[in-house]
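Following: one structure in structure tokens, then a few remarks.
Just so it is clear, none of the values below were taken in a lab; they were calculated from the coordinates. Predicted model, so just to flag it, every value in this text is computed and none were measured.
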């Protein structure tokens, strides 16, 4: 049976023409790096006086929109009526491509922070920006550190800062929806804030994982109805995680060309709170 990595390599080999690749490598990619360098520097400088992060978020949105326009990527958004700027929520999306983050920044009409892998915070420049802009690091390899980060995230929610999280914990190689970890549900329950499910469709066709070959095209961002958490307790985390995954799966597979497999159906068992080997997921009081 073909493994996922081989499937990705085979799909990448058949994407676009030589002219398309040259356009991407010689035009799209250098411009994106230029935008990132210039706007990232200005954003870092603005952080010296921008304690609330509004200017930094504006730079991030501008960066995202410039990337999408440069790459000739159109985003069709559905369900904006489910987003209330007056209500603090956690926005949970499936993860297919590095392009998902520009799509969220460009199209989600709220100022938010992202729960991101701690490894990203170690890179020069990128890590500095993540720290200065208030993003929240998650270390899946250190259960206690991650639990502290999740607690910090719930406190941010309670103080009015919306969060964006990818519950799969990483990008999907095959386009199939992966199992969800329980961190998003844990944070939402601790903060008693709703979770808004988001299905992102088509970004893996425009920019697959481990590729620099951008293809122009249309992608979709579908925003579902908020899932309330009022009255839920930490012991309800698994049920909430499955409810969240089911909501995203229904939206995603109704629009995606990917056919769900039995292992990736909406009824898949949720992953532990932090990582498959976490021993702390049930240590919090209920």
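Write down the Kirkwood hydrodynamic radius of the stretch 104-237, to one decimal in angstroms, obtained as one divided by the mean of 1/r over all alpha carbon pairs.
Mean inverse Cα-Cα distance, inverted, gives 16.3 Å.
Please report the equivalent ellipsoid semi-axes of the stretch 4-264, computed as sqrt(5 x eigenvalue) of the Cα gyration tensor, largest first, in whole Å.
28, 24, 17
May I ask you to derive the relative contact order of the stretch 4-264, considering only C-alpha pairs under 8 Å and at least 6 residues apart, and to give it as an integer percent?
25
Where the centroid of each part is defined by its Cα atoms, how far is the stretch 162-194 from the stretch 225-246 in Å?
When both Cα centres are located, 11 Å separates them.
Distances longer than 14 Å among the Cα atoms of the stretch 49-141: what percent of all pairs is that?
So the portion of pairs separated by more than 14 Å is 71 percent.
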